[in-house]
1. Could you tell me which trypsin sites (Lys or Arg not before Pro) in region 90-137 are loop residues by DSSP with no more than 12 other beta carbons within 10 angstrom of their beta carbon?
2. Provide the gained length on full extension for the span Leu135 to Ile88, in nm with one decimal, where the gain is 0.36 nm per separating residue minus the Cα-Cα distance.
3. Please compute the contact order of region 88-141 in relative form: average sequence separation of alpha-carbon pairs under 8 Å and at least six residues apart, divided by the residue count, as a percent.
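Read the figures in this text as sums done on the coordinates, not as results from a lab. What you see is a predicted model; the values in this text were computed from it and never measured. Glycine gets a Cβ as well: all are built from the backbone with ideal geometry, and neighbour counts include every protein chain shown.
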Amino acid sequence: MENPALCANGCGFFGTAANQNYCSKCYKDFLEKEEENSAKEKEKVMAKAMSQLSLSSDQNTDKKIIADGSSTKKKIERCGKCNKKAGIVGFKCRCGTVFCSIHRLPEEHDCNFDYKAMEREILIKKNPLVKADKLVGRMMK
């Protein structure tokens, strides 16, 4: 048998060749660090690719912003009924307005969108009119 080798990390435990001469705990930490490093490298590559894409599209928008003199501040979404900040959980109704969780239902905000007409149009499109042939004995080619 071989003499057991100490952990390559120097923690005092014995390592194995299968774990690159690390003990089980140090090998687990080693694998976690490798995963973090590979994840960071992937993020850097994605960020670089996204920045290159955004640079090409930003060249046109920079000229417009400079000409207008306005900043690109994001508009805060507010409920159309109570004017409460809707934020991420804002519900956009088919009438085109954003509502909070309390006023999201059409009955709660007196929605003016005609749901019945929309459903009728969908039914008409999905169910075409079927008519029987008027001549019973006719041969179809």
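1. Details: sites: Lys92, Arg94, Arg104, Lys116, Arg120, Lys125, Lys126, Lys131, Lys134; in loops: Arg94, Arg104, Lys131, Lys134.
Within region 90-137, the qualifying trypsin sites (Lys or Arg not before Pro) (loop, at most 12 other Cβ atoms within 10 Å) are Arg94, Lys131, Lys134.
2. Details: separation 47, 0.36 × 47 = 16.92 nm, distance 6.14 nm.
Fully extending the segment from Leu135 to Ile88 adds 10.8 nm.
3. Numbers: 23 pairs, mean separation 10.7, N = 54.
Reported relative contact order: 20 percent.
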